[in-house]
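These notes are about the structure you will find just below.
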Amino acid sequence: MPTVTQVNAKNRLDLGFVRGMSAPTVKPSTPSHKTKEKPAPPKIRKIAATKAKAREKLKVAAYCRVSTMDEAQEGSIYAQRRHWEDVIRRNPEWTLAGIYFEQGLSATKTESRPELQRMLADCRAGKINLILTKSISRFSRNTSDCIAMVRGLTALGVTIRFEKENIDTGTMESEFMLSLLSCIAESESHSISANGKWAIRKRFEDGTFRYSIAPYGYRKENESLVIDEEQAEVVREIFSMVLSGYGFSVIADELNARSIPGPRGTPWLMSTVADICKNPAYIGDALFQKFFVDESFRFRRNKGELDQFYHENHHEPIISRETFELAEQSVRRRERKGKQKTRHALSGKLVCSHCGRIMKRASRKGYHVYECPGCGAEPEENVKNAFITCLNKLAYSQTLSPKRRVLDVFISGLDEETRTVERQKEIDAELQENQLQADVLTAIALVNHFTPEEHAKKMELLKQNDALRREKVMLATCSTSTVKAERLKEFVAHWKSGAFPEEAFEELVERASVTPGESAVFRFTCGLELRESLKAEVCAA
């Protein structure tokens, strides 16, 4: 009989059944009980513990500065340097990133301090986390520059600690206190500058002022100007060539071709020759206050803003007065005939919003643009049209309800001029009274020692004076803004849309931040800022 294999419902093979048998014969089989297999041991992988990373040390730098080069200040700068090196090295969580120090440089201009610029560059490169400095006045005496630098460094994750004012920009909740103290530092700088200017003007008036740098053709001996014959011969030749009809550029090229060094050893330029021809120093006279430093600490040529002082026969002349006058007449005639380059209203006032550079005027085929290398250019006409639209909108807003009048709302945010002036008078009176009381207390101290009550009273007077001076500075700023805002309001009230108002733009606009192809933000001298599209056509009033 063949053996038949049957597959049951569970797919198991049942063997041993024989076809044709009445009962199945089951073949004996081995026991079917199964032995349990031991489970495989779990796979466990050991992860070695890692040592905790040491906390990264803060990279700390210090900035030191003194404004003059005398010996006392020189000792001060090195004392500051030793102080900050000790402070940084004593802190185990800090590492010294550098000491940046400058001598003989004013804090009113950020761009003129190379060590400060080097420190800012290192901050941008990630080399510094924290900056230590003695006081706000050491860091910057220009409020806008100080706030801008703090904001820029904060964005980089760099904090500044001002030791004297006990301010840490990393924990400072607002910029108000920093703005206030920066304003005081700037006011102090203005005061120092004003005192220096007053002393110089007094010397101008009484004829005791002495040149700090001798003009080309002279040298200084015992505070007096003495003719340098070698340079004086060059001066005489320049005047002779001018009278012969040579232009300034031709004269400069001729002197450079002969390898004659110019003033302070620099090459001759057309402007250098022109300045010599216009300088009365060469006929023995001295004109003082030809230049001055304005309230923003910018060096400017005096075009009538301040008094000038003309001192005749101040020193020995190099050329005759007749020669000087003839040369001056020749120069004036040439300027009238060939004056091609004129100053444009927008020049010097348009800045690139991307990089902050002043945009330069350039010619294109049939039109002019203001361009910034690398950031783009904007047609001059677009900026003018945007400003006209801005004035039209201002004029229109002044016809609406009081709450929608842009200038009225702006002015209302400033203190009224009359109240400001009266309060300034009150402050002056309070300061004078406090000073009298302080002088009395000082006189008492010279005879007898202060009692605790007298000492406390003097400290309170000094504290009051500081608060009054801060308030006076803020009122002075507000008063100036109010006057300028009222001037803008007066102009807008008489504004009739038309051609671009060049004189008004020069007078009323401080600067315009231009984003080429998009918009321009006009900042008026009163502080008001308005954005206008450069794409839209002129909007009528």
Loop-resident trypsin sites (Lys or Arg not before Pro) in the range 215-277 with no more than 12 other Cβ atoms inside 10 Å, DSSP not H/G/I/E/B, are 258
Placing each pseudo-label 7 Å from Cα in the direction of the beta carbon, residue 127 and residue 460 end up separated by a distance in nanometres of 5.2
Distance in nm between residue 166 and residue 135 label points, each 7 Å along Cα→Cβ, equals 1.6
In nanometres, the difference between 0.36 nm per residue of separation and the alpha-carbon distance of residue 44 and residue 154 is 34.7 nm
For the range 511-520, in residue order, the Karplus 3J(HN,Hα) values (coefficients 6.51, -1.76, 1.60; θ = phi - 60°; whole Hz; Gly and Pro = x) are 6, 10, 8, 9, 9, x, x, 10, 8, 9
Most exposed first, judged by fewest Cβ atoms within 10 angstrom, 384, 457, 46, 425 run 46, 425, 457, 384
So residue 400 and residue 425, fully extended at 0.36 nm per residue minus their Cα-Cα distance, gain in nm 5.4 nm
Spelling it out for residue 269: with amide H atoms placed in the peptide plane at 1.01 Å from N, the residues 5 or more places away or on another chain with amide H under 5 Å from its amide H are none
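Of the cross-linked pairs 349/384; 384/535; 59/164; 403/489; 164/463; 393/496, which ones have a Cα-Cα span greater than 19 Å in the structure shown?
Values: 349/384 12 Å; 384/535 12 Å; 59/164 21 Å; 403/489 15 Å; 164/463 16 Å; 393/496 12 Å.
Listed pairs above 19 Å: 59/164.
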The answer for residue 218, listing residues at least 5 apart or on another chain whose modeled amide H is closer than 5 Å to its amide H, is 228
Between the modelled labels at residue 56 and residue 453 (7 Å from Cα along Cα→Cβ) the distance in nm is 6.0
The set of residues whose placed amide H lies less than 5 Å from the amide H of residue 101, leaving out same-chain residues fewer than 5 positions away, is 64
Computed from the beta carbon distance with a Förster radius of 30 Å, FRET efficiency for residue 316 and residue 257 to the nearest 0.05 stands at 0.50
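Read the figures in this text as sums done on the coordinates, not as results from a lab. The structure presented is a predicted model; accordingly, all values stated were derived computationally and were not measured. Every residue, glycine among them, receives a Cβ derived from its backbone with ideal geometry; neighbour counts consider all protein chains shown.
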